[in-house]
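**Student:** Next up is a structure, given as structure tokens.
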């Protein structure tokens, strides 16, 4: 029976396709496709129905189906377009099959429904799989972008880099801070790294432990770490918790930390207004 029904459906694909197109077009004004151009809408519908019949006709090469799903994803069409379209196809196809029979009892209807469902289900699974893979890839890229932004290492001058931290620091983020610090120090040939915690709302024992570990790791690869942005309330918390930050320099602001970094790299800030032209040239050359 499945092969008999398959033959009937394939031979009458034009009629079923027309019924399907008419049905989904009637719903267009009230759904998400109302803003899509007529040309793109009809072209996409025709491609969709061709993919469906190609699958039913046992040409199970998933390449066309994957390409179709990829185009929909790139165009920003929602997954509901696929699910709604296949539900409509299921109903239209069953209605057509029933119209070709004189009498259909409950058992016969159940058999027809199950056969059509066996055609539609693999299509749904394949297309949903494509959408799911695309979403996972997008989420992965967004996660990577957020990770890069959560612990950036910024070179501000030769051999001096700054890592501004904003928000809470948990174990996962602390690991990322450590990785970015070590990779960045080597990449930028940093001699001094300023970790700015101005935007970190709370510095408790765990956060301090992670910062100390990061500073120690930086020291082991030959650079100096300066902790800056220690607000009065943070300083009080550190003292009350008995946290020892004496192993590396600490400053209350990024400005003070940067001055220290200049001294550590044998540089200084000068007022060019008080210099003669030849002195200015000499000073600029010394900063290169």
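**Student:** Based on what the data block shows, is residue 72 at pLDDT 85 or above, surrounded by 12 or more Cβ atoms within 10 Å (Cβ to Cβ) and more than 21 Å from residue 125 (Cβ to Cβ)?
**Tutor:** No, not satisfied.
**Student:** While we're here: Looking at the stretch 119-152, which of its residues are over 21 Å from the mean Cα position of the chain (by Cα) and either modelled with pLDDT under 85 or loosely packed, with under 12 Cβ neighbours inside 10 Å (or both)?
**Tutor:** Answer for the stretch 119-152, where residues must be over 21 Å from the mean Cα position of the chain (by Cα) and either modelled with pLDDT under 85 or loosely packed, with under 12 Cβ neighbours inside 10 Å (or both): just 125.
**Student:** Moving on to the next point. For the stretch 192-200, indicate whether the set of residues that are exposed (fewer than 14 other Cβ atoms within 10 Å of the Cβ), in the same structural domain as residue 259 (by TED's automatic domain parsing) and over 23 Å from the mean Cα position of the chain (by Cα) is non-empty.
**Tutor:** yes
**Student:** Considering only residues that are in a helix (DSSP H, G or I) and either touching a residue at least 60 places away in the same chain (Cβ under 8 Å) or out of contact with any strand residue (DSSP E or B) (no Cβ under 7 Å at 6 or more places or on another chain) (or both), which ones fall in the stretch 181-213?
**Tutor:** 182, 183, 186, 187, 205, 206, 207, 208, 209, 210, 212, 213
Every residue, every condition in (1) in contact with a strand residue (DSSP E or B) (Cβ under 8 Å, 6 or more places away or on another chain); (2) modelled with pLDDT of 90 or more, yes or no:
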{"position": "230", "(1), (2)": "yes, no"}
{"position": "241", "(1), (2)": "no, no"}
{"position": "251", "(1), (2)": "yes, yes"}
{"position": "282", "(1), (2)": "no, no"}
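**Student:** To continue, here is another question. Say we look at the stretch 92-109 and pick out the residues that are without any contact (Cβ under 8 Å) to a residue 40 or more places away in the chain and either outside any loop (DSSP other than H, G, I, E, B) or surrounded by 13 or more Cβ atoms within 10 Å (Cβ to Cβ) (or both); which of these is nearest to the chain's Cα centre (by Cα)?
**Tutor:** Of everything passing the filter in the stretch 92-109, 94 is nearest to the chain's Cα centre (by Cα).
The values are calculated or read from the model by the stated rules, or taken from the named source; none is laboratory data. A quick note: this is a predicted structure, and the numbers were derived from the prediction, not measured. Quick reminder, even Gly has a Cβ in these numbers, built from the backbone with ideal geometry, and neighbours come from all protein chains shown.
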